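Structure first, commentary second.
The values are calculated or read from the model by the stated rules, or taken from the named source; none is laboratory data. Keep in mind the model is a prediction, meaning the values are calculated, not measured. With ideal geometry, Cβ positions are generated from the backbone for all residues, glycine too; neighbour counts draw on all protein chains shown. With ligands, DNA and RNA removed, areas are computed over all heavy atoms of the protein, side chains included. Shrake-Rupley method; radii C 1.70, N 1.55, O 1.52, S 1.80 Å.
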Amino acid sequence: MCIRDRYMGISYNYFLREGLMKVTSIILLSLAFAAISAQVIQIVPVVSSTRTATCPGGFQPSSCGCGLKCGSTHMTFGRKKQCHCQCVPTDWSVAHCMQLRTEQNIDMGLVVTEAHTSTLYATCPAGTKATGCSCGNTRGDYLIHNQVTCQCLTADSGWTKAYCAKPADARYELHCQYRKVAANPVTATPGLIAVGCSCGNSCNSYTLANNQCNCHPGCGSTWTAINECRVAKTPAAIAAEQAAAAAAKRAAEEAARQAAAAAAKRAAEEAARQAAAAAAAAAAKRAAEEAARQAAAARCKEGC
């Protein structure tokens, strides 16, 4: 068995041992999701025994991984939604596919793009956050700064790509943080979802499953990095909702005031009607009594 075949066997055994894959075909799926402040980030790792892994319908790639320590990837969006490992040979590829859902479990849509430079740094467009990075010349170790800038750590990388994303629904935004620790594996911070990983020693062979980044033992990495995100409403959306709620409250209070005023008016009118009726009845009674008195007096005068 050649070295590549041995490495391929180790790679797949590693995936199976970590519980990431159940073999049904050369494309393997697993699903992990978590609720974040009533919104949901879903991550589906799609693993292929070829150099290309394709996301399922409704998902877009957030980051990519490759076998044989390959760190150079190309991501396509739109209809293809693929991760393509550029190293030859590469015995497997994985696309970490992301979907965002609202608190009503409605797909809010995901806008993904790529920033590509010939330097060691690539910065995402305004309004987007870096979910993953890629480096040239097979290099795989990188950092993410301030949620938006990818930095390849190997000087001869040649190029840097930042994979960038934002919710299609403008009421929401991504909040991410990148943590690098001298440990393996690394689990996402509570309340956040892992969307990408990086490993030291120029290695990009890792698993991302169960909200955990796990660098391949063959990497010889001294550190593991995890990019973890949550989706939340923008301050503008929150302010708009609060303004709408305040307006609704004022409208309800005004409606209640008007209803109370109308009820008070009706009560006053009814009281006045009843008072008038009582006065009329009393006057009629007095008139009847006076008429009776006068009639009695007249009878008495005639009889006397």
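A simple rule links phi to the HN-Hα coupling: the Karplus curve 6.51 cos²θ - 1.76 cosθ + 1.60 with θ = phi - 60°, which for segment 216-226 gives 4, x, x, 5, x, 6, 9, 8, 10, 10, 10 Hz, with x for Gly and Pro.
Under Stokes-Einstein, with the Kirkwood radius over Cα pairs standing in for Rh, what whole-number D in µm²/s applies to segment 152-213 at 25 °C and 0.890 mPa s? Translational D for this selection: 176 µm²/s. Rounded to the nearest whole Hz, the Karplus-based 3J(HN,Hα) values (6.51 cos²θ - 1.76 cosθ + 1.60, θ = phi - 60°) of segment 259-275 follow the sequence 5, 5, 5, 5, 5, 5, 5, 4, 5, 5, 4, 5, 5, 5, 4, 5, 5, with x at glycine and proline.
Close amide-amide hydrogen proximity is noted between ASN201 and THR222, each under 5 Å apart and 5 or more residues distant or on a separate chain (H modeled in the peptide plane; Pro and chain starts excluded).
Database remark: amide H of THR50 closer than 5 angstrom to the amide H of SER93 (H placed geometrically; neighbours at sequence offset of 5 or more, or on other chains; Pro and chain starts carry no H). Judged by the mean number of other Cβ atoms found within 10 Å, the most tightly packed of the peptides 124-132, 171-179, 232-240, 291-299 leads the ranking 124-132, 171-179, 232-240, 291-299. Derived scalar couplings between HN and Hα for segment 106-123 equal 9, 4, 7, x, 9, 9, 10, 8, 9, 10, 10, 10, 9, 10, 8, 10, 9, 10 Hz in order, rounded to whole Hz, by the Karplus curve 6.51 cos²θ - 1.76 cosθ + 1.60 (θ = phi - 60°), x for Gly and Pro. With 5 Å bins beginning at zero, the pair-distance distribution over Cα atoms of segment 148-304 amounts to 1, 7, 9, 9, 8, 6, 5, 4, 4, 4, 4, 3, 3, 3, 3, 3, 3, 3, 3, 3, 2, 2, 2, 2, 1, 1, 1, 0, 0 %.
Ranked from largest to smallest solvent-accessible area, with a 1.4 Å probe on the protein heavy atoms, ILE144, ILE106 come out as ILE106, ILE144. Shown are GLU269, GLU103, whose ranking by accessible area with a 1.4 Å probe and every protein chain present, most to least, is GLU269, GLU103.
More than 16 Å apart: what percent of Cα pairs in segment 94-177 qualify? Pairs farther apart than 16 Å: 52 percent. Computed with every protein chain present, the accessible area of THR90 is close to 10 Å² [probe 1.4 Å].
Using alpha carbons only, the radius of gyration of segment 189-269 set against its Kirkwood radius gives Rg/Rh = 1.59.
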